[in-house]
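Below is one structure; the comments refer to it alone.
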Amino acid sequence: MQLDEIIRKSLEEDLGSGDITTRYLDLEPMLSTAYMIAKAEGILAGIDVAVQVFKAVDPELKITLYRKDGDKVMPQDEILRVEGRPASILQGERTALNFLQRMSGVATVTRRMVDKISGTKARLLDTRKTTPLLRELEKYSVRVGGGYNHRHGLFDMIMLKENHLRAAGGITKAVAKIKSQNATYKIEVEVTNQEELAEAVAAKVDRVMLDNMSLKEIRASVKAFKNKVELEVSGGINEENILTYAKTGVHFISSGALTHSYKSLDISLLFKE
């Protein structure tokens, strides 16, 4: 779904048959100025989306940007100014903030985790554990925060997980069947122990996900296979333990928490008195 369609449907959800509060206040003859202000420290993402929301409500609104995506903000920092009909500003306020707060929340937690592993060579990846229909926005926010995108969906990388392997009869059979189709896509296999890892490497896959393995097992995997296959760790990764996993020497660390357990960044919109 395109962004303009997502914004249109989001506004329809909020406005319904119309904003009855502003309708009965009869604010149309007036012009007002309002400011988006950060109320917490964080990394901004989604400013252009917020602007598009306001413009979708009223193309005549004038918006001045003080910050851009990727900027760090502190409490009381002004993010943008919007000028025009107060009813239009009020009708776009919540939807604009919903996008900006959530996208900035993803960017903020991503940046914190990226900073934790900055002294290592490991790259932080997101997952497909995203909000339905908002995947592109959330994955964009991960990139703003300094992380990298794993596959965007089921269409751009072959990922053999436990249920695929059970259905296909194991790692060797599954990989062979895929390669027999002359597939040009990158192949990743999820493994849970050293035996499965060795089998995946022997099958000549491109990347192996070490799923919920102990640190001892991960270190052993890196020592034995780091120069033969890309190694990714996943499962229970958070801000407190990510550095420990990065120091094992793996190439990638994936964390669903980036897009399913983030905290929205506190941002407000206030009218100038």
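All conditions in (1) outside any helix (DSSP H, G or I); (2) in the same structural domain as Ile267 (by TED's automatic domain parsing); (3) closer than 16 Å to Ala257 by Cα hold for Thr130, with the sole exception of (2). Within the option set Ser264, Ser268, Ser180, Ser254, being crowded, with 20+ Cβ neighbours inside 10 Å and of a type in the set (Gly, Ala, Ser) holds for one residue only, Ser254.
Residues that are surrounded by 21 or more Cβ atoms within 10 Å (Cβ to Cβ) and under 28 Å from Thr131 (Cβ atoms) within region 238-251 comprise Ile242, Tyr245, Ala246, Val250, listed in sequence order. Determine if region 38-57 includes at least one residue that is over 29 Å from Gly146 (Cβ atoms), in contact with a helix residue (DSSP H, G or I) (Cβ under 6 Å, 6 or more places away or on another chain) and touching a residue at least 12 places away in the same chain (Cβ under 8 Å). Scanning region 38-57 turns up at least one residue that is over 29 Å from Gly146 (Cβ atoms), in contact with a helix residue (DSSP H, G or I) (Cβ under 6 Å, 6 or more places away or on another chain) and touching a residue at least 12 places away in the same chain (Cβ under 8 Å). Does Met30 meet the test of being among the hydrophobic types (A, V, I, L, M, F, W, C) and surrounded by fewer than 20 Cβ atoms within 10 Å (Cβ to Cβ)? It is true that Met30 is among the hydrophobic types (A, V, I, L, M, F, W, C) and surrounded by fewer than 20 Cβ atoms within 10 Å (Cβ to Cβ).
Tell me whether region 68-89 contains one or more residues that are surrounded by 15 or more Cβ atoms within 10 Å (Cβ to Cβ), more than 21 Å from Glu138 (Cβ to Cβ) and among the basic types (Lys, Arg). Yes, some residue in region 68-89 is surrounded by 15 or more Cβ atoms within 10 Å (Cβ to Cβ), more than 21 Å from Glu138 (Cβ to Cβ) and among the basic types (Lys, Arg).
Okay, residues lined up against (1) of a type in the set (Asp, Glu); (2) more than 30 Å from Val205 (Cα to Cα); (3) in contact with a Cys (Cβ under 6 Å, 6 or more places away or on another chain); (4) in a helix (DSSP H, G or I):
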position	(1), (2), (3), (4)
Leu100	no, yes, no, yes
Met103	no, yes, no, yes
Met113	no, no, no, yes
Gly146	no, no, no, no
Asp156	yes, no, no, no
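Scanning region 36-63 for residues that are over 26 Å from the mean Cα position of the chain (by Cα) and not aliphatic (A, V, I, L, M) returns Asp58, Pro59, Glu60, Lys62.
Among the residues of region 248-273, what is the count of those that are assigned to a strand (DSSP E or B) and under 13 Å from Ala122 (Cβ atoms)? Before you say what the answer is, go through the steps one by one.
Of region 248-273, the ones assigned to a strand (DSSP E or B) are 252-254, 267-271.
Restricting the remaining residues to those that are under 13 Å from Ala122 (Cβ atoms) gives 252-254.
Of the residues in that region, 3 qualify.
Within region 2-27, how many residues are outside any helix (DSSP H, G or I) and surrounded by fewer than 12 Cβ atoms within 10 Å (Cβ to Cβ)? So the answer is 5.
The values are calculated or read from the model by the stated rules, or taken from the named source; none is laboratory data. All figures in this text were calculated on a predicted structure; none of them were measured in a lab. Cβ sites come from the backbone with ideal geometry, for glycine too, and all protein chains shown count toward neighbours.
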